[in-house]
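Have a look at the structure below, then the notes.
Read-outs: derived from the displayed coordinates by stated rules, not from any lab. None of these values were measured; they are calculated from a predicted model. Cβ coordinates were reconstructed from backbone atoms using ideal geometry, including for glycine residues, and neighbour counts include every protein chain displayed.
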Amino acid sequence: MFEVFELGDSARNVIYIGRGRIRGELRRYKRSKDSCKMQARAFRYEQMPSDVRARQRERALLNEYVEKHGKLPRCNKRIG
């Protein structure tokens, strides 16, 4: 399965939208020096049937976020 996820800060504000296997991604962020993603305190994820569908959903969530907030989540650098 492929997953699309949102990471949230302690106030549950979305700070990152991404895709991948959530367990591996969370482990990787914990070991990394990426101070932005290390602020994550919550997550939400959706399972997708394919990588193509996961990419589409990730892009849709990012576009929805930009439409609502006028910018990307603070830990995202670009769409896609």
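Helical runs assigned H by DSSP (4 residues or longer) give the chain a calculated mean residue ellipticity at 222 nm of -12000 deg cm²/dmol, each run adding -39500 (n - 2.57) before division by the residue total.
Annotation: amide H-H contacts under 5 Å for ASN13 (H modelled 1.01 Å from N, sequence separation of 5 or more, or interchain): none. Taking packing as the residue-averaged number of other Cβ atoms within 10 angstrom, the listed peptides 42-50, 55-63 run from highest to lowest as 55-63, 42-50.
Seen from all sides and averaged, what is the projected area of the convex hull of the Cα atoms in the chain, in nm²?
Working: hull surface 19.5 nm².
Over all viewing directions, the chain projects a mean Cα-hull area of 4.9 nm².
Note on the chain: dipole from Cβ charges, positive end direction compared against TYR45, CYS75, ILE17; the farthest Cα belongs to CYS75. Select from LEU61, LEU7, SER32 the residue farthest towards the positive end of the dipole of the chain; place +1 on Cβ of Lys and Arg, -1 on Cβ of Asp and Glu, and compute about the Cα centre. Looking along the dipole axis, the top candidate is SER32.
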